[in-house]
Amino acid sequence: MLEQFVDWLLRVLLDLGYPGIILLMAMESSVLPVPSELVMPPAGYWVAKGEMNFWLVLASGVTGSILGALVNYYGALLLGRPLIARFGKYVLLSAKALERSERYFASHGEISTLIGRMLPVIRHLISIPAGLHRMPLPKFVLYTGLGAGVWCAILTWIGWFLGRNEGMLRSEEVHRMVGRAFWILIPALIVAAAAYVIWHRRRGAAARGGA
């Protein structure tokens with residue numbers, strides 16, 4: 001039954017083409033339940049079969065991710081503060097907590113957005129604090145695109161690899177390889193976060209020393 005669904009998904013994705021990837025990844029990047037694991041690996045499979053172009057698939061995935069993230073970003077930017085002002089006290093979100101969160105995101109919004117785009121669940125939600133705290137739009141788009149690009153490239157490569165070596169796309173193989181890629185990605189993200197913390201502290205120390 002599951003393999004029949006995968007076969008159906010492959011046919012649908014090929015029919016929809018690159019605009020379909022953009023649409024589905026926009027849905028995935030917002031709050032709609034469309035896992036990227038059901039979009040990018042099948043696209044990578046068609047890359048292996050010569051039906052799609054890798055770079056166009058990747059560009060479509062990143063474009064869709066940014067568009068979906070912008071929906072959350074602007075929703076939080078336009079509606080977030082009025083909702084928090086009215087209902088925040090019911091979920092223990094005080095004005096002081098909001099100010100602390102805003103200071104943190106002003107200093108660390110870029111690395112939070114970049115890493116958050118590559119983590120399950122968080123990648124769907126990281127756009128909300130970015131919009132809530134009015135992260136500059138060019139920076140938001142840049143770091144969202146970079147993080148989404150890494151994740152989309154990994155998923156597309158998985159589909160390509162299975163298409164070239166397995167001959168067909170099996171859901172259990174996709175999940176196995178996504179899990180393996182995730183556990184390789186986590187240490188890399190930890191190293192990146194540690195390097196950022198060191199750099200940020202040195203920059204702060206240099207700024208204080210030059211003052």
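The values are calculated or read from the model by the stated rules, or taken from the named source; none is laboratory data. As the structure is a prediction and not an experimental result, all values here were calculated from the model. All Cβ positions, even for glycine, are placed from backbone atoms using ideal geometry, and neighbour counts span all protein chains on display.
Considering the range 124-136, the residues that are under 16 Å from the mean Cα position of the chain (by Cα) and part of a helix (DSSP H, G or I) include one that is surrounded by the fewest Cβ atoms within 10 Å (Cβ to Cβ), namely Leu125. Filtering the range 100-121 to residues that are closer than 17 Å to Ala181 by Cα and part of a helix (DSSP H, G or I) leaves Ile115, Gly116.
Pairing residues of the range 49-70 that are under 14 Å from Leu13 (Cα atoms) with residues that are in a loop (DSSP other than H, G, I, E, B), at Cβ distances under 8 Å and at least 6 apart in sequence or on separate chains, gives Gly61/Val39. Among the residues here, Ala148 qualifies as closer than 30 Å to Asp7 by Cβ, touching a Ser or Thr at 6+ places or on another chain (Cβ under 8 Å), modelled with pLDDT of 85 or more and in a helix (DSSP H, G or I). Yes or no: the range 94-105 includes at least one residue that is within 24 Å of Ala192 (Cβ to Cβ), modelled with pLDDT of 85 or more and surrounded by 14 or more Cβ atoms within 10 Å (Cβ to Cβ). No, the range 94-105 has no match at all. Among the residues making up the range 144-155, those that are more than 12 Å from Val178 (Cβ to Cβ), surrounded by 21 or more Cβ atoms within 10 Å (Cβ to Cβ) and in contact (Cβ under 8 Å) with a residue 60 or more places away in the chain are Thr144, Ala148, Cys152.
Considering the range 154-201, and only residues there that are more than 22 Å from the chain's Cα centre (by Cα) and among the aliphatic types (A, V, I, L, M), the residue that is farthest from Pro41 (Cα to Cα) turns out to be Ile198.
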